[in-house]
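Report on the structure given below.
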Amino acid sequence: MAELDSDFIARFFRDAAARLEERRDELCQLDGLVGDGDHGTSMANGFAALTELVRGSSSHARSPAALLREAADRFLSHVGATVGPLYATGLIDTAQAMEKDAPWQINEFPRFMAGIARGIARRGKAGQGDKTMLDAWLPATRAAQASLARGASAAEAARDACRAAAEGAQATASMIASSGRAARLKERSIGHRDPGAVSAAIIIEALAETVEATPEAH
């Protein structure tokens with residue numbers, strides 16, 4: 001079974017960066033409806049910085065946990081908005097988990113997702129239903145865990161996670177924001193998808209594609 005190693009993380013960062021850049025304007029437009037309109041720029045620039053971090057072969061010499069800690073620092077230094085500390089904390093929490101019992105196998109990718117979600121929730125003091133990025137991360141993590149528990153392959157679990165994230169992001173349109181900058185809008189936030197949840201679904205889509213591209217995941 002393939003490992004969830006530094007090469008996997010590097011491929012994930014590159015795929016996520018490309019997808020976020022493609023949808024930069026869309027995310028900014030979504031954020032303009034409920035926030036400052038800079039979410040697409042923050043996320044695209046943040047993951048572009050992670051792509052620079054893993055450029056070339058130097059990333060492979062780091063342990064996965066060490067790479068995630070460096071990624072947290074890099075993301076935070078390039079993203080001054082609220083989302084910077086949230087994802088930085090998620091990456092650090094995942095690094096701490098990997099330090100305890102690495103290496104992780106490819107079918108343990110839900111633990112990677114859970115670490116990111118746990119850090120975001122802890123730093124943001126939010127949960128599912130608050131109309132945040134957690135409305136994509138938490139359902140996706142649970143979907144992947146449930147799929148593997150039923151005996152699905154890692155690739156199948158990744159596809160289930162991707163679907164759950166997309167559904168979770170779409171569901172935020174019917175929610176009242178109770179956390180983050182959109183909370184000030186209260187009922188006026190209804191009808192608009194949360195940009196953080198949409199960008200989270202894009203990131204999870206990249207993670208799922210990275211899992212599916214691993215032959216041993218099938």
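The values are calculated or read from the model by the stated rules, or taken from the named source; none is laboratory data. The structure presented is a predicted model; accordingly, all values stated were derived computationally and were not measured. FYI the Cβ positions are ideal-geometry reconstructions off the backbone, even for glycines, and counts take in every protein chain you see.
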Worksheet item: Taking Arg74 and the conditions (1) farther than 20 Å from Glu205 by Cα; (2) surrounded by fewer than 18 Cβ atoms within 10 Å (Cβ to Cβ); (3) within 16 Å of the chain's Cα centre (by Cα), which numbered condition does it fall short on, given that it satisfies the others?
Response: (2)
Worksheet item: Since Gly90 meets every condition but one in (1) within 17 Å of Ala197 (Cβ to Cβ); (2) modelled with pLDDT of 95 or more; (3) touching a His at 6+ places or on another chain (Cβ under 8 Å), which condition does it not meet?
Response: (3)
Worksheet entry | region 112-129, residues that are under 18 Å from Ala144 (Cα atoms) and surrounded by fewer than 19 Cβ atoms within 10 Å (Cβ to Cβ) | Gln128
Item to complete: Taking Leu67 as the residue in question, decide whether it is more than 19 Å from Ile202 (Cβ to Cβ), crowded, with 22+ Cβ neighbours inside 10 Å and more than 12 Å from the chain's Cα centre (by Cα).
Response: yes
Worksheet item: Among all residue pairs at least 6 apart or on different chains, which show Cβ distances below 6 Å where the first residue, located in region 162-177, is part of a helix (DSSP H, G or I) and at pLDDT below 95 and the second is of a type in the set (S, T, N, Q) and surrounded by fewer than 19 Cβ atoms within 10 Å (Cβ to Cβ)?
Response: none
Worksheet item: Quick one: Ala182 ticks every box in (1) closer than 23 Å to Cys28 by Cβ; (2) surrounded by 21 or more Cβ atoms within 10 Å (Cβ to Cβ); (3) modelled with pLDDT of 95 or more bar one, so which box is it?
Response: (3)
Practice prompt. Return yes or no: is Phe8 farther than 28 Å from Asp194 by Cα and in a helix (DSSP H, G or I)?
Written response: yes
Discussion item. Suppose we filter region 140-160 for residues that are crowded, with 24+ Cβ neighbours inside 10 Å and not aliphatic (A, V, I, L, M); how many remain?
Written reply: 1
Response to the item:
The one condition Asp7 fails out of (1) under 30 Å from Ala149 (Cα atoms); (2) under 17 Å from the mean Cα position of the chain (by Cα) is (2)
Worksheet item: From Ala126, Ala97, Ala140, which residue is of a type in the set (A, V, I, L, M) and more than 25 Å from Asn45 (Cβ to Cβ)?
Response: Ala97
Fill in: Subset of region 1-31 (residues that are crowded, with 18+ Cβ neighbours inside 10 Å and small (Gly, Ala, Ser))
Ser6, Ala10, Ala16, Ala17
Discussion item. Test of understanding: among Ala88, Ala2, Ala49, Ala95, which residue is without any contact (Cβ under 8 Å) to a residue 60 or more places away in the chain, touching a Ser or Thr at 6+ places or on another chain (Cβ under 8 Å) and over 16 Å from Ile204 (Cβ atoms)?
Written reply: Ala49
Item to complete: Please state which one of Ala136, Ala126, Ala143 is touching a residue at least 24 places away in the same chain (Cβ under 8 Å) and under 19 Å from Glu209 (Cβ atoms).
Response: Ala136
Worksheet entry | Members of region 98-128 found to be over 16 Å from the mean Cα position of the chain (by Cα) and under 20 Å from Asp73 (Cα atoms), listed by number | Met98, Glu99
